[in-house]
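Below: one structure, written as structure tokens.
Each reported figure results from applying straightforward, stated rules to the coordinates on display, with no laboratory input. Quantities reported herein were computed from a predicted structural model and do not represent experimental measurements. Methodologically, a virtual Cβ is constructed for each residue, glycine included, from the backbone with ideal geometry; neighbour enumeration extends over all protein chains shown.
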Amino acid sequence: MVHFDCDYMEGAHPEILKRLADTNFEQTPGYGEDSYTAKAKELILKACGLENARVMFLVGGTQTNSTVIDGILDRHEGVLCAESGHINVHESGAIEASGHKVLVLPQHDGKIRAGDLASYIDDFYKDDTFGHMVAPGMAYISHPTEYGTLYSLNELEAISKACKEKGIPLYIDGARLGYGIMADGTDVTLNDIARLSDVFYIGGTKVGALFGEAVVITNDRILKHFFPLVKQHGALLAKGRVLGLQFQTLFADGLYFRIARHAVEMAGKLKSAMLSKGYRQVIDSPTNLQFFRIPNSEIDRLKRFATFEYWGPRGKQESTVRFATSWATKEEDIDEFISKL
């Protein structure tokens, strides 16, 4: 049995486990005040082409999204997001639980468009009753999107420009950022993400770490008191060096990018084989997530050999399913599954 359910089924990259074991009995200050965390921050800023940004390590993606969004917004404000966006669909109302509304925009292959964002804000303030409504206080996008699609550099620059013109910050969810940056055909780099956003995060949970995300704050006017806010949201790890050491390992010699590229290559091999066998692709994703529309009888047959997720409810005759590769996916597992197609 091979597994393509998600990209965080395995534990952590062996180099991370080795570093954790080798340093296990060291005694270091807590809450990220240790030397490993300081070095990890230095390496991340270097990789992003930044000098003065702030880096903070949080324990998971949902905590990161809810903490950042709650920290940026005033009490009467909400966050603009694609209708299909992660915070709107797959976080159990975490944003609403913190007192903020998710304001949906049309999605186009999982992405928002700068024009829709600008129009929403313009129309909001043209309404004489806007004082009675939830104000758009920031924009949220993910790269890659829920559908494994990517923003082009032109699209990202247009969204960033629209946010600046309308006076709201842009936040980029990078839970799978490594897989997006290392995808074939992309023209968006980590430096571009850092340059065009006000805050973003580099996902570790889904790209080689046991857990953890690195929040990078590039706009010094927002999230001024982020540390206590992280603690309020239960996202601060007392043994902070565990996070710092993981990200130090991932960024010390490009490991993060190498293992992300591996996942993309495995997904590409899987996609090519499925297309050659006549399986119908739902959306053309260049990342580690692949979506196909398959007859239910064939899904039932394939599930004897592999696990993968339904993407939405099971249809009457056919259904959309998602295959996810990861940094740890073995090529022999891909070959084994392909032999069953």
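Magnitude of the Cβ-charge dipole of the chain, K/R +1 and D/E -1, about the Cα centre, nearest 20 debye?
Details: 37 positive and 45 negative charges, 89 e Å.
Result for the chain is approximately 420 debye, rounded to the nearest 20.
What residue among 137, 24, 244 has its Cα farthest toward the positive end of the dipole of the range 14-254, where the charges are +1 on Lys, Arg and -1 on Asp, Glu, each on the Cβ?
24
Expressed in whole Å with the largest first, what are the equivalent ellipsoid semi-axes of the range 254-315 derived from the C-alpha gyration tensor as the square root of 5 times each eigenvalue?
They are 24, 13, 11 Å, listed largest first.
Which length gain, in nm to one decimal place, applies between residue 318 and residue 282 when the Cα-Cα distance is subtracted from 0.36 nm times their residue separation? Before the final figure, lay out the partial values.
Numbers: separation 36, 0.36 × 36 = 12.96 nm, distance 1.21 nm.
Going from the current span to full extension adds 11.7 nm.
With a ≥ b ≥ c the root eigenvalues of the C-alpha gyration tensor of the range 180-229, is it rounded (a/c under 1.5), prolate (a/b larger than b/c) or oblate?
oblate
Around residue 102, with a cut-off of 12 angstrom between Cβ atoms, what is the net charge of the other residues, counting Lys and Arg +1 and Asp and Glu -1? Please report the intermediate quantities before stating the final value.
On the way: positive: 101; negative: 77, 83, 91, 96.
Net local charge, residue 102 excluded: -3.
By counting other Cβ atoms within 10 Å of each Cβ, how are 122, 173 ranked from fewest to most?
122, 173
Rounded to the nearest 20 debye, what is the charge dipole size of the range 1-69 about its Cα centre when +1 sits on each Lys and Arg Cβ and -1 on each Asp and Glu Cβ?
200
Using only the Cα atoms of the chain, what semi-axes does the equivalent ellipsoid have when each is the square root of 5 times a gyration tensor eigenvalue? Give whole Å, largest first.
Values: eigenvalues 199, 156, 59 Å².
The equivalent ellipsoid of the chain has semi-axes of 32, 28, 17 Å.
Which of rounded, prolate, oblate describes the range 202-276, given a ≥ b ≥ c as roots of the alpha-carbon gyration tensor eigenvalues and a/c under 1.5 marking rounded, otherwise prolate only if a/b is larger than b/c?
Judged from the Cα gyration tensor, the range 202-276 comes out prolate (a/c at least 1.5, a/b above b/c).
What order do you get for 46, 161, 111 when you list them from fewest to most C-beta neighbours inside 10 Å?
Ranked by crowding around the Cβ, least crowded first: 46, 161, 111.
Which is the longest run of the chain containing none of the GluC sites (Glu not before Pro) found in DSSP loop states (not H, G, I, E, B) with at most 14 other C-beta atoms within 10 Å? Kindly include the intermediate steps, with their values, before the conclusion.
Details: sites that count: 10, 26, 33, 51, 83.
My reading of the result: 84-341 is the longest stretch.
Work out the FRET efficiency for residue 10 and residue 83 from their Cβ-Cβ distance, taking R0 = 30 Å, and round it to the nearest 0.05.
0.45
Whole angstrom only: what separates the Cα centroid of the range 254-325 from the Cα centroid of the range 170-192?
Answer, in whole Å: 20.
Quick check on the exposure proxy: order 189, 218, 329, 64 from fewest to most C-beta atoms within 10 angstrom.
Ordered from fewest to most neighbouring Cβ atoms within 10 Å, 189, 218, 329, 64 come out as 189, 218, 329, 64.
Counting only DSSP beta bridges with both residues in the chain, tell me the antiparallel percent, nearest 5.
Details: 23 of 39 bridges.
Counting DSSP beta bridges with both partners in the chain, the antiparallel share is about 60 percent.
Starting from the Cα gyration tensor of the range 5-155, take the square roots of the eigenvalues, sort them a ≥ b ≥ c, and report rounded, prolate or oblate (rounded when a/c is under 1.5, otherwise prolate if a/b is larger than b/c, else oblate).
It is prolate, given that a/c is not under 1.5 and a/b is the larger ratio.
What percent does the relative contact order of the chain come to when contacts are Cα pairs within less than 8 Å and at least six residues apart?
Relative contact order here is 26 percent.
Looking only at chymotrypsin sites (Phe, Trp or Tyr not before Pro) in DSSP loops with at most 14 other Cβ atoms within 10 Å, what is the longest site-free stretch of the chain? Walk me through the numbers before you get to the answer.
Details: sites that count: 25, 305.
The segment 26-304 is the longest one with no such site.
Hey, got the dipole for the range 82-127? About the Cα centre, +1 on K and R Cβ, -1 on D and E Cβ, debye to the nearest 20? Display every interim value, and only then the final one.
Details: 4 positive and 8 negative charges, 14 e Å.
Dipole about the Cα centre, nearest 20: 60 debye.
Apply 1/(1 + (r/R0)^6) to the Cβ-Cβ distance of residue 225 and residue 23, taking R0 = 35 Å, and write down the FRET efficiency to the nearest 0.05.
Efficiency at R0 = 35 Å is approximately 0.70.
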